[in-house]
Amino acid sequence: MIAIRNVKKSFGKLSVLQDVSLDIKEGEVVVILGPSGSGKTTLLRCISFLERASAGTIAFGDDVVDLKHASKKDILRTRRREGFVFQSYNLFANKTAFENVYEGLVSGRKVPKKEAKEKALEALDWVGLLDRKDYYPAQLSGGQQQRVGIARAVALEPEVILFDEPTSALDPELVGETLEVIKRVAKRGITMIVVTHEMSFAQDVADKIVFMDGGVVVEEGSPNDIFTHPKEERTKQFLKRIIGEFVYEI
Amino acid sequence: MTLDTKFMIEALPEIIRYVPVTLRLALGAVLIALVFSGLFAFILLKKVPVLDKIVKVYLSVIRGTPIILQMFVIYKIAPSVLQAYFTKIHSGIDIFEIDNSWYAYLALSLSATAFFTEAIRAAILSVDKGQLEAAYMVGMTAPVAFWRIILPQAIGVALPIMCNTIVDTVKATSLAFAMAVTEVTGAAKILGGMSLRYFEAYLDIFFVYLILIFAIEFLLKRLEKWLVRYRKATA
């Protein structure tokens, strides 16, 4: 189990995360929803040390790491438990699709080369891009790049994969193929925390939905609870605003 | 006065004999500059206290003065300062026995280092920070991420700018004659002086430099193309 406790983060005087705690069970898919500026992305970046939190801890089982005072060693160990899929893909521009996955295994995780090669090819095949393995990111569409990004994270077999708005930068017609791949990651039983604005996807894939606003967790529950019986007024308003059209479709 | 083509042809081998000197000066200066500019760029990017100020002053001084002037200063002042130092520590080294090309290396590399430093610093900053974050998130340490991901891309960006500095350095070797180092230009001057056929001698080296620089640019362009092969957008 992963336990995130009392995470706080301010940028100067601006408090972005007030006091966020979250539990994620093994194999659970947690989707974080909320208006922009609610701190969703910052939460992911704090638990992966891409931002230094002002306070808080993350625990993988018994291994508790202080998000503010973690040493380089703590950070490396924690990051090697995590995978990260970025909004803007962030593929290594000088590496082919294959090398993007392979490099992480070899340089990031010290997997032996032969094994890394097999794993990288398998992961690319799994996201349906084996025939594009020798293409550089500049030669791939946004959707394909993001699938390589997902393959890169999955191949590492981390304890949890963090998705930071994985489809927000994509052209609308490419969102579908990417969401399909993410659903397959979820079906594999990999623990995931997903920040997204894709409501129907969230409802489909989530075991637990967390609604954040103003740097706090306003409400959490099953997709059914949140989408059909939201308790908090802020959740109701948000859903009404975002998925108004979507509700009419049902 | 007619153009003495016979002299031009006869003088050419004499001049070409000094091409290796020119190339050695340029290559030596570029290699020294590569080492120090890497170090200086690191100091600037990491904002190392005190040292970064010193590097900035150094950059301003070098960029703000002509290279020929820097050479005069080095050639006139450095020996006396060093001699005084060597005498003080009783090293027994006679400064006037040191080969003049060392002053040329010093002057040429001081200048090249300054321009390389700026090129490298800007190139490293040009690599998207997201890739560094991705490198961290696959579990790379900062040095590994730098060597495997950032540096290879930065070199591709820096090379066209550094190519200019390399060409400038090759051309600046012609000033080494001011420090009593005989290279291509020096050889032409001597031959011209002996025969009073300055124009022909200079015309010779005109072509020698053109061909030399053309060859260097050609090679560097090929290298650059190979380094940034990942940028092409179509398969």
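The values are calculated or read from the model by the stated rules, or taken from the named source; none is laboratory data. Source: prediction; values computed, not measured. All Cβ positions, glycine included, derive from the backbone under ideal geometry; neighbour counts span all protein chains shown. Heads up: the accessible areas ignore ligands, DNA and RNA and are worked out on the full protein's heavy atoms, side chains in. Shrake-Rupley method; radii C 1.70, N 1.55, O 1.52, S 1.80 Å.
Rolling a 1.4 Å probe over the protein heavy atoms gives chain B an accessible area of 56 Å² per residue. Residues considered: B:A107, B:A188, B:A134. Largest GNM mean-square fluctuation over chain B, using C-alpha springs under 10 Å, is found at B:A134. Full extension of the chain between B:K232 and B:L82 yields a length gain of 48.8 nm, computed as 0.36 nm times the residue separation minus the alpha carbon distance. Could you pull out the longest piece of chain B with no exposed loop trypsin sites (Lys or Arg not before Pro) in it, calling a site exposed if DSSP puts it outside H, G, I, E, B and it has at most 16 other Cβ atoms within 10 Å? Answer - B:48-231.
Divide, for segment B:19-167, the radius of gyration over alpha carbons by 2.2 N^0.38 Å, where N is the residue count. Taking N as the residue count of segment B:19-167, the ratio is 1.26. What is the log10 of I(q)/I(0) for chain A, computed with the Debye formula using one identical point scatterer on each Cα and no solvent, at q = 0.08, 0.11, 0.12 Å⁻¹? Taking Cα atoms of chain A as identical point scatterers yields -0.31, -0.59, -0.70. Charged side chains reduced to their Cβ positions (Lys and Arg at +1, Asp and Glu at -1) give the protein assembly as shown a dipole of some 1000 debye around its Cα centre. Considering only C-alpha atoms, what is the centroid distance from segment A:1-76 to segment A:184-234, in Å? Measuring centre to centre over Cα atoms gives 17 Å. Pairing chains A and B buries close to 2200 square angstrom of accessible surface in total, based on protein heavy atoms and a 1.4 angstrom probe.
Across every direction, the projection of the convex hull enclosing the Cα atoms of the protein assembly as shown has a mean area of 32.8 nm².
Once the 1.4 Å probe is applied to the protein heavy atoms, chain A comes out at 44 Å² accessible per residue. With a Förster radius of 30 Å applied to the C-beta separation of B:T5 and B:L27, the computed FRET efficiency comes to 0.40. Peptide A:81-88 shows a mean partner chain C-beta count of 3 within 10 Å per residue C-beta.
Note on segment B:139-185: with neighbouring protein chains present and a 1.4 Å probe, carbon and sulfur make up 70 percent of its accessible heavy-atom surface. Using a probe of 1.4 Å, the accessible surface attributed to B:L203 totals some 40 Å² when neighbouring protein chains are kept in position.
Each 5 Å bin from 0 upward holds the following percent of the Cα-Cα pairs of segment A:1-76: 4, 15, 27, 26, 18, 8, 2, 0. Of all aspartates and glutamates in the structure, those lying under 15 Å Cα to Cα from A:K73, and not within fewer than 8 positions of it along the same chain, are A:D63, A:E82. Once both labels are positioned 7 Å from their Cα atoms along Cα-to-Cβ, the gap between B:K46 and A:D204 label points is 4.8 nm.
Of the listed residues B:H90, A:H197, A:H229, the order by accessible area with a 1.4 Å probe, largest first, is B:H90, A:H229, A:H197. Where in segment A:186-210 does the amide nitrogen come within less than 18 Å of the point 7 Å from the Cα of A:H229, taken along Cα to Cβ? So the set is A:207-210. Taking each DSSP H run with n ≥ 4 as -39500 (n - 2.57) and averaging over every residue of chain B yields -25500 deg cm²/dmol at 222 nm. In chain A, the DSSP-assigned H stretches of four residues or longer account for a calculated mean residue ellipticity at 222 nm of -11500 deg cm²/dmol, using -39500 (n - 2.57) per stretch and the full residue count as denominator. Report which residues of segment A:117-140 become buried by 40 Å² or more of accessible surface when going from the isolated chain to the complete set of protein chains (1.4 Å probe; DNA, RNA and ligands ignored). Residues meeting the cut-off: A:Y136, A:A138, A:Q139. Extension gain, B:V73 to B:D94, is 5.6 nm, computed as 0.36 nm per intervening residue step minus the present C-alpha separation.
In this entry, segment A:78-153 is assigned a mean projected area of 4.7 nm², taken as a quarter of its C-alpha convex hull surface.
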